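Reading through the structure tokens given below for one structure.
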Amino acid sequence: MASAQVPNEPPKLTSAVLEDKTKPEEDNDFCWPQTSYGDCWRLLLTGFTDNKVTPSKINKYTLNLDQAVSLLESVVTVGKGVELLNTVQRVHDRGLTVMKDSLIFAIAYCTCCKEQTVKKRGFEMMLKICTRSVSFLTFIDYREKVCKHVRGTTGWSKGLRSAVKKWYLSHETTELAKLVTEYPRHNKWSHRDVLRLAHIPPSNECQKIIFSFLIVGLKKTSELFKNESDDASQKLLVLLEELTAVKKAQNASEIVPFMDKLKLPWDFVSYNLYHEVELWEEMIAVMPFDVMIQNTTRMAKMKLLEGDNRTKKAFMKRCLDKKQIGDSGIHPFQVLMQREFYSNAINDTKRKPSWKVNREIVVSLNLALAFSMECNLKSSGKRFLVALDASDSMKAHIVNNDHIQCHTTAAMIALCIARAENKVVVKAFSRELEEVKITAETKVDEIVKKLTEVQLGGCDCSRPLIYAKSNKIKVDVFVVVTDKETWSGKTNPFDALKQYRKALKIPAKLVVVMLNPDGATGEGIVSNPQDRGILLITGFSAGMAKVMSNFSKYPY
């Protein structure tokens with residue numbers, strides 16, 4: 001058990017959309033009732049309406065338009081549109097969602113409905129949540145799709161034009177210039193398209209310059225306004241020239257001087273420049289911490305983490321900065337993946353060592369991993385029973401990653417739960433469920449070693465439920481981590497979960513993580529769509545960890 005201090009449980013969401021309607025009742029064997037409210041909650045938190053989630057669904061997110069529209073319609077048409085939007089606001093403010101696009105879609109739908117109060121509130125929410133250019137253009141794209149789907153129109157109404165006008169004109173000139181150049185286009189939409197459809201009259205000379213820049217380009221705008229005597233206009237023209245130079249830079253030397261001077265976010269850096277050694281040498285000390293960690297192997301391939309160079313020193317220094325790691329909010333699994341990538345030193349294409357592993361870097365990543373677990377894991381206040389598959393097949397790699405093994409991932413999942421929560425039992429599948437003791441000092445590699453020493457036994461995700469029921473152990477969330485085998489026993493996992501709920505009068509949930517599901521057994525039985533208290537995850541990533549956390553913490 002972890003002895004780490006547990007944060008206070010976050011306040012409950014009080015929206016009428018999500019309160020009471022999702023509470024399990026004794027007369028249905030403590031299954032989550034099948035109402036649209038619970039499905040809507042799942043959509044806001046994960047971006048999906050079903051109970052099966054994969055990393056690929058998040059990496060290449062595609063919203064099911066028909067299902068999402070039908071779901072939101074069932075909530076809005078019964079007079080719950082404003083409550084839905086209030087819930088969207090709280091989910092966004094607390095950073096609960098895995099996919100922000102699902103929140104933007106909900107807002108876009110509400111701005112298309114007939115209820116004027118909901119529509120007005122939706123446009124207000126758009127201005128609060130879609131503060132970045134990419135979010136704003138995503139909203140424009142979703143709204144057109146929803147309007148075509150619901151009404152058969154493009155949706156460019158007076159209300160939308162008014163909201164778009166407020167988005168552009170409410171930003172200070174310098175901020176607006178940075179916003180529209182950071183992401184001038186997203187999906188099929190550009191700011192040029194939006195301005196032409198919205199017919200926005202600029203309210204001052206600087207806005208006129210920015211709008212001209214977006215519609216006709218920098219060269220023609222410079223010619224049109226070069227004789228302006230206004231000092232602010234001339235400064236804005238210079239700023240637009242610098243921002244355009246940053247976006248079009250062909251090498252790092254062209255971009256580095258402007259990043260600090262103009263206080264630009266990392267998204268201004270073109271991915272095409274990531275191969276430039278100078279970029280990492282000059283930006284290592286100021287780039288976001290999670291960006292630095294995610295590019296550990298990229299810098300290793302460039303030989304920047306070897307010897308006694310300044311890049312290596314800056315990397316190690318930042319890994320030792322506990323406050324910075326806490327502020328970044330990086331999930332421990334992200335750090336673990338990069339440690340495994342770096343330690344393996346394998347090139348994905350050539351499948352041979354690509355760099356010399358430096359022990360100091362490995363130690364630094366281990367410390368960053370420890371700090372991220374200490375600072376960035378939040379408690380749900382729930383009671384957990386975690387069961388880990390200890391079979392030899394867990395030495396295989398997880399399905400979405402060729403560098404990290406299943407048993408390492410399983411150990412990390414158990415360790416994160418044990419460090420975050422203060423009521424956790426960890427078991428390994430053997431002939432009987434064998435206890436795995438985890439303390440605040442336990443490391444991932446130590447858990448992996450313990451798992452390899454466990455006597456083999458079939459993985460049956462109903463066994464932890466049966467064990468807890470027989471021993472009257474109070475559990476809110478069961479977590480089973482396996483490579484592919486989920487059902488090798490006599491009792492159906494779904495039936496075992498219902499029996500446990502009924503016997504102990506606890507609306508328990510079940511999370512099954514299948515790390516390498518090729519040839520899986522019983523997958524369809526585990527991911528029963530009739531029970532909102534079951535979640536099936538195939539593969540794993542830091543995003544999946546957030547899905548698990550939300551699923552455990554809040555009613556579905």
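Residues in the stretch 163-174 that are open to solvent by 60 Å² or more (accessible area, probe 1.4 Å) and either modelled with pLDDT of 95 or more or of a type in the set (Val, Ile, Thr) (or both) were compared, and the one that is nearest to Ala198 (Cα to Cα) is Lys165.
Of the residues making up the stretch 212-234, one or more are closer than 21 Å to Phe139 by Cβ, crowded, with 18+ Cβ neighbours inside 10 Å and not charged (D, E, K, R). Reported count of residues in the stretch 350-383, each being closer than 14 Å to Arg339 by Cβ and not in a loop (DSSP other than H, G, I, E, B), is 15.
Being over 20 Å from His397 (Cβ atoms), open to solvent by less than 10 Å² (accessible area, probe 1.4 Å) and part of a loop (DSSP other than H, G, I, E, B) is the filter here; which residues of the stretch 461-484 pass it? Within the stretch 461-484, Cys461, Ser462, Val475 meet the criteria.
Conditions tested, residue by residue: (1) at pLDDT 95 or above; (2) within 29 Å of the chain's Cα centre (by Cα); (3) farther than 20 Å from Cys206 by Cα; (4) among the aromatic types (Phe, Trp, Tyr).
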| residue | (1), (2), (3), (4) |
| --- | --- |
| Ser233 | no, no, no, no |
| Lys247 | no, yes, yes, no |
| Asn251 | no, no, yes, no |
| Asn272 | no, yes, yes, no |
| Glu278 | no, no, yes, no |
| Val286 | no, yes, yes, no |
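Scanning the stretch 130-186 for residues that are closer than 27 Å to Leu243 by Cα, of a type outside the set (Asp, Glu) and without any contact (Cβ under 8 Å) to a residue 24 or more places away in the chain returns Thr131, His171. Of all the residues in the stretch 535-546, those that are within 19 Å of Pro507 (Cα to Cα) and at pLDDT below 85 number 0.
A count restricted to the stretch 235-273 and to residues that are closer than 14 Å to Met283 by Cα, of a type in the set (Asp, Glu) and surrounded by 13 or more Cβ atoms within 10 Å (Cβ to Cβ) stands at 2.
Quick one: count up the residues across the stretch 315-328 that are closer than 21 Å to Met412 by Cα and either in contact (Cβ under 8 Å) with a residue 60 or more places away in the chain or buried (at least 24 other Cβ atoms within 10 Å of the Cβ) (or both).
Kept after step one, since they are closer than 21 Å to Met412 by Cα, are these residues of the stretch 315-328: 319-320, 322, 325-326, 328.
Now restrict to residues that are either in contact (Cβ under 8 Å) with a residue 60 or more places away in the chain or buried (at least 24 other Cβ atoms within 10 Å of the Cβ) (or both): 319, 325.
The total comes to 2.
Yes or no: the stretch 176-188 includes at least one residue that is within 30 Å of Arg42 (Cβ to Cβ), modelled with pLDDT of 95 or more and open to solvent by less than 10 Å² (accessible area, probe 1.4 Å). No. Of the helices (runs of 4 or more DSSP H) contained entirely in the stretch 233-302, those carrying at least 1 residues that are touching a residue at least 24 places away in the same chain (Cβ under 8 Å) and closer than 17 Å to Glu182 by Cβ fall at 252-261, 277-283, 289-294. For the stretch 355-378, the condition of being among the charged types (D, E, K, R) and within 25 Å of Asn550 (Cα to Cα) holds for at least one residue.
Give the residue, chosen from Glu115, Glu144, Glu83, that is among the acidic types (Asp, Glu) and surrounded by fewer than 16 Cβ atoms within 10 Å (Cβ to Cβ). Step through it out loud before you land on a result.
Values: Glu144 fails: surrounded by fewer than 16 Cβ atoms within 10 Å (Cβ to Cβ); Glu83 fails: surrounded by fewer than 16 Cβ atoms within 10 Å (Cβ to Cβ).
Step by step, each of Glu115, Glu144, Glu83 is checked, and only Glu115 is among the acidic types (Asp, Glu) and surrounded by fewer than 16 Cβ atoms within 10 Å (Cβ to Cβ).
The residue list Val426, Val448, Val386 contains one member that is aliphatic (A, V, I, L, M), farther than 21 Å from Asp460 by Cβ and outside any loop (DSSP other than H, G, I, E, B), which is Val448.
The values are calculated or read from the model by the stated rules, or taken from the named source; none is laboratory data. Values in this document were obtained by computation on a predicted structure and should not be read as measured data. Note: ideal-geometry Cβ built from the backbone for every residue, glycine included; neighbour counts use all protein chains shown. Accessible surface is based on the protein model in full, side chains and every heavy atom, while ligands, DNA and RNA are left aside. Shrake-Rupley method; radii C 1.70, N 1.55, O 1.52, S 1.80 Å.
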